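Read the structure below first, then the notes.
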Amino acid sequence: MTILLLDVLRAPTAVRGLYPGAWDLLLRQGASANLLATLALMLQDGGLFDAVPAAPRTHLECACTAGVSHARGARHEVDMIAAALQALSMPLILLKGSAYAMAGLEAGRGRLFSDIDILVPKDRLHDVEAALMLHGWASTHHDEYDQRYYREWMHELPSMTHIFRGNTIDVHHAILPETAADRPDPDKLRAAALPVPGHPGLRMLAPHDMFLHSAVHLFSGGEFDHGLRDLFDLHRLVGQFSAETGFWDGLAPFAAELQLIRPLFYALRYLKRVLGTMMPPAVLAATAGGRPNPALLRLMDGLFLRALAPPMSVTHIGSAALFALYVRGNWLRMPPLLLVRHLSHKAFLSRKSSLPADGAPANLV
């Protein structure tokens, strides 16, 4: 299947002259990749709606409205979180989608996300969790094993959802799990965090750290449901930050300092191969320390290039690639014995405990 969406993301003017069937394919691929609102606002901002036939334009106009509404809702939810944590007298550091939206970054334009991610010191986790609970957030994980999994081994608390608004918050104390082999020092990330313009009390990661966090989230994780969306985040961060003095020169040294040179290598490699992102050759050369051996690189190319397609474009081979990357993501997060224990529990014990006595799946209506 032709991935028309990639052509348009690289060069939005490619929409001029599309035939009706191509518009149908483009809209379906955009929705599949959770990029339809982003695509719609790109075309609107670029003055390209005049090239869109009436029927697909209606879909795109609705997507624009949804994107603007989503951003407004995200800002309101961040305000509620800030109010809940105000008494703790600590900066509220936003991560990923919420940071892009609140800071007005290009990466946040039309980006849809399901939760608000924040970064807090590990020794303040109890205070943060208690404050959020007092203001209506409750844990979504009730299984005893899941609670231990997050609190002892992971880099975040179990997700919390507001009992009235239904919005979810993920409270992080680091960007990689406690059990990962490479674990950047979260103190350095927090110390370098910058104020969010126009929002006193809110902070976001510095440009290098923001880019590297997005890279490690994508290329050291195991879930690629939104892989292309996350890669496009990196593309738009490059477009915005590359104009800042020292961004390119400092990127590889920062990655090496934070033990993230391998995720950076993959991020730059697939930005260039999938989206045609422009970058200085010297930056690619500076990530050579993260380049795997030739055999492994061929394997990772086969996996990542399939996983970074819109979900509707994934073939049976692509599904196998997604599964392999899921296993890889867990392998990077845990030592072997813990990984075997965790996967065994999730495959057998968790499923069994989620079934009622008669063996029927829970929560069916």
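The values are calculated or read from the model by the stated rules, or taken from the named source; none is laboratory data. Remember, predicted model here, so these are calculated numbers, not experimental data. Cβ placement follows ideal geometry from the backbone for every residue including glycine, while neighbour counts extend to all protein chains displayed.
When you scan the stretch 117-135, do you find a residue that is within 17 Å of L41 (Cα to Cα), exposed (fewer than 15 other Cβ atoms within 10 Å of the Cβ) and in contact (Cβ under 8 Å) with a residue 12 or more places away in the chain, even just one?
Going residue by residue through the stretch 117-135, those that are within 17 Å of L41 (Cα to Cα) are none.
No, there is no match, as no residue in the stretch 117-135 is within 17 Å of L41 (Cα to Cα), exposed (fewer than 15 other Cβ atoms within 10 Å of the Cβ) and in contact (Cβ under 8 Å) with a residue 12 or more places away in the chain.
Anything in the stretch 273-290 that is surrounded by fewer than 14 Cβ atoms within 10 Å (Cβ to Cβ) and not in a loop (DSSP other than H, G, I, E, B)? List them, or say none.
Taking the stretch 273-290 first, the residues surrounded by fewer than 14 Cβ atoms within 10 Å (Cβ to Cβ) are 273, 276, 278, 280-282, 285, 288-289.
R273, P281, A282, A285, A288, G289, listed by residue number.
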task = Search the stretch 1-28 for residues being without any contact (Cβ under 8 Å) to a residue 24 or more places away in the chain and not hydrophobic (A, V, I, L, M, F, W, C), and hand back the single one that is farthest from G318 (Cα to Cα).
result = Y19
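Of the residues S69, S89, S114, which is within 18 Å of the chain's Cα centre (by Cα), polar (S, T, N, Q) and modelled with pLDDT under 95? Step through it out loud before you land on a result.
Working: S69 fails: within 18 Å of the chain's Cα centre (by Cα); S89 fails: within 18 Å of the chain's Cα centre (by Cα).
Answer to the selection: S114.
Looking for whichever is free of Cβ contacts under 8 Å to residues at least 40 places away in the same chain and not basic (K, R) here; the options are A40, A51. Which one fits?
Numbers: A40 fails: free of Cβ contacts under 8 Å to residues at least 40 places away in the same chain.
When all the criteria are applied, what remains is A51.
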note = Across the stretch 109-159, the tally of residues that are of a type in the set (K, R) and within 20 Å of G73 (Cα to Cα) stands at 2
ask   = Which of (1) more than 17 Å from the chain's Cα centre (by Cα); (2) without any contact (Cβ under 8 Å) to a residue 24 or more places away in the chain does A31 not meet, given it meets every other one?
value = (1)
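Here is a yes/no grid of residues against (1) crowded, with 17+ Cβ neighbours inside 10 Å; (2) within 18 Å of the chain's Cα centre (by Cα):
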residue: E61; (1), (2): no, no
residue: A99; (1), (2): yes, yes
residue: W137; (1), (2): yes, no
residue: H142; (1), (2): no, no
residue: R151; (1), (2): no, no
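Where in the stretch 26-116 are there helices (runs of 4 or more DSSP H), lying wholly inside it, with at least 3 residues that are farther than 23 Å from H208 by Cα and in contact with a strand residue (DSSP E or B) (Cβ under 8 Å, 6 or more places away or on another chain)?
Numbers: elements: 36-45, 54-85, 96-103.
Per the criteria, 54-85.
Please state which one of A103, A40, A51 is crowded, with 23+ Cβ neighbours inside 10 Å and more than 21 Å from R165 (Cα to Cα). Let's see the steps before the verdict.
Working: A103 fails: crowded, with 23+ Cβ neighbours inside 10 Å; A51 fails: crowded, with 23+ Cβ neighbours inside 10 Å.
After ruling out the rest, the residue left standing is A40.
For the stretch 231-267, how many residues meet the condition of being part of a helix (DSSP H, G or I) and under 18 Å from P184 (Cβ atoms)?
Pass one, the stretch 231-267, residues part of a helix (DSSP H, G or I): 231-241, 247-257, 261-267.
Going one step further and asking which of them are under 18 Å from P184 (Cβ atoms), we end up with 234, 237, 250-257, 261-267.
The qualifying residues number 17.
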remark   = The number of residues in the stretch 303-319 that are at pLDDT 90 or above, outside any loop (DSSP other than H, G, I, E, B) and not basic (K, R) is 4
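Here is a yes/no grid of residues against (1) within 30 Å of A256 (Cβ to Cβ); (2) charged (D, E, K, R); (3) modelled with pLDDT under 95:
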residue: D127; (1), (2), (3): no, yes, no
residue: M133; (1), (2), (3): no, no, no
residue: E144; (1), (2), (3): no, yes, yes
residue: S159; (1), (2), (3): no, no, yes
residue: P177; (1), (2), (3): yes, no, yes
residue: G201; (1), (2), (3): no, no, yes
residue: L212; (1), (2), (3): yes, no, no
